[in-house]
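Just below is one structure, and these are the notes that go with it.
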DNA sequence: TCCAATAAGTTGTCATAGCAACTTTTCTGT
DNA sequence: ACAGAAAAGTTGCTATGACAACTTATTGGA
């Protein structure tokens, strides 16, 4: 029996991700911040002075894209990049004052977003979702 | 208490989606088919002769991107577009013979992919994931 | 010590994703 | 019948995401 379009769980997950990303995108837009740029900022608000490589590892993303996103954040004036003195290959990323200040507004928004997404969903259910999605990732990693 | 990076369920979902998409991308690459192009093809294998607008609605995507993806599929020779006789605004999309034949190989691959993703996960758990992710989408839609 | 391997970033290319603005065609209300 | 709205597609723009190929800098082994 052939699977129908919506029987594929990966398609369902993909569409869920698009829905959530689009929503937070609209909330961040007034601050001139895109969703993935925000992820980088979130890391920096937790801990300043990461290298681009460290950011890429934490976000499990290609360093190429990190370089471009960090470049854009620099253009926007939220961060600045500085060469490390002991390793001239790598660049450390620091918040500017503007970037630092942004944190207060954005943290509020992202936590509200998380609350909205999880509204009416129990802690137990969230744990289950994490466990099952984690299992799916493990399944495909083991096959690669 | 400030949320940590990985406490955000949306980030977890996003990273899961990337993992799954990347895997199927590598499986489809030998057939010169990208993941989202494949979604369009899947619709056409189910039912030929959809308009671009109908495809956009089914995939819940912007018609802009559908137009570009369909254009690429046409370049690759998998589909052809034809003006409707009774409405010259809209284009119907038909499989070519090559596109039709592709269906046999690809259906096998996507069903294997779905099995791999769901390995060790019960039907009950899958239903739960669908229900909870669906609830999340509903939550953000209600707020828009 | 010096050559090769490795590491960090950058640039180019392709595919996705959405928004705004536009053309062409069709429909609708008067 | 005709003006204006709406509908289908297209083009331009920005952002994300992965891969390949490249430069520059550092490290490690013979």
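Read-outs throughout are calculated quantities, based only on the coordinates presented, and are distinct from any laboratory measurement. Bear in mind that the values here come from a model prediction, so they are computed numbers and not experimental data. Here the Cβ is made from the backbone with ideal geometry for all residues, glycine too, and neighbour counts use every protein chain on show.
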Q | Matching residues in the stretch B:43-57 - criterion: being near DNA strand D (Cβ under 8 Å from one of its atoms), more than 14 Å from chain A (Cβ to nearest Cβ) and within 21 Å of residue B:103 (Cα to Cα) | A | B:51, B:52
Q) Would you say residue A:100 is farther than 23 Å from residue B:9 by Cβ, within 19 Å of the chain's Cα centre (by Cα) and away from DNA strand C (no atom under 16 Å from the Cβ)? A) yes
Q) Can you tell me how many residues in the stretch B:63-97 are part of a helix (DSSP H, G or I) and either within 26 Å of residue A:14 (Cβ to Cβ) or within 8 Å of DNA strand D (Cβ to nearest atom) (or both)? A) 13
Q: Identify, by number, the condition in (1) in contact with a strand residue (DSSP E or B) (Cβ under 9 Å, 6 or more places away or on another chain); (2) away from DNA strand D (no atom under 12 Å from the Cβ) that residue B:60 doesn't meet.
A: (1)
Q) Consider residue A:101 against the criteria (1) within 16 Å of DNA strand D (Cβ to nearest atom); (2) more than 19 Å from residue B:7 (Cβ to Cβ): it satisfies all of them except one. Which criterion is unmet? A) (1)
Q) From the list B:62, B:87, B:143, which residue is free of Cβ contacts under 8 Å to residues at least 40 places away in the same chain, within 7 Å of chain A (Cβ to nearest Cβ) and surrounded by fewer than 17 Cβ atoms within 10 Å (Cβ to Cβ)? A) B:143
(Q) Can you say whether residue A:39 is out of contact with any strand residue (DSSP E or B) (no Cβ under 8 Å at 6 or more places or on another chain), at the interface with chain B (Cβ under 10 Å from one of its Cβ atoms), buried (at least 18 other Cβ atoms within 10 Å of the Cβ) and not in a loop (DSSP other than H, G, I, E, B), as far as the supplied structure shows? (A) yes
Q) Within the stretch B:19-31, can you find the residues that are within 12 Å of DNA strand D (Cβ to nearest atom) and under 20 Å from residue B:68 (Cα atoms)? A) B:21, B:25, B:29
Q: Could you run through the stretch A:104-140 and say how many residues are under 25 Å from residue A:52 (Cβ atoms), buried (at least 16 other Cβ atoms within 10 Å of the Cβ), within 11 Å of chain B (Cβ to nearest Cβ) and in contact (Cβ under 8 Å) with a residue 12 or more places away in the chain?
A: 1
Q.
Looking only at the stretch B:20-31, filter to residues that are closer than 24 Å to residue B:137 by Cα and surrounded by fewer than 20 Cβ atoms within 10 Å (Cβ to Cβ); which one of those is nearest to the other protein chains (Cβ to nearest Cβ)?
A. B:21
Q. When you go through (1) under 25 Å from residue A:61 (Cβ atoms); (2) under 16 Å from the mean Cα position of the chain (by Cα); (3) more than 12 Å from DNA strand C (Cβ to nearest atom) one by one for residue B:61, which number turns out not to apply?
A. (3)
Q | Hey, residue A:34 within 16 Å of DNA strand D (Cβ to nearest atom) and surrounded by 12 or more Cβ atoms within 10 Å (Cβ to Cβ) or not | A | yes
(Q) Taking the conditions exactly as written (under 14 Å from residue B:37 (Cα atoms), surrounded by 12 or more Cβ atoms within 10 Å (Cβ to Cβ) and away from DNA strand C (no atom under 15 Å from the Cβ)), does residue B:95 satisfy them or not? (A) yes
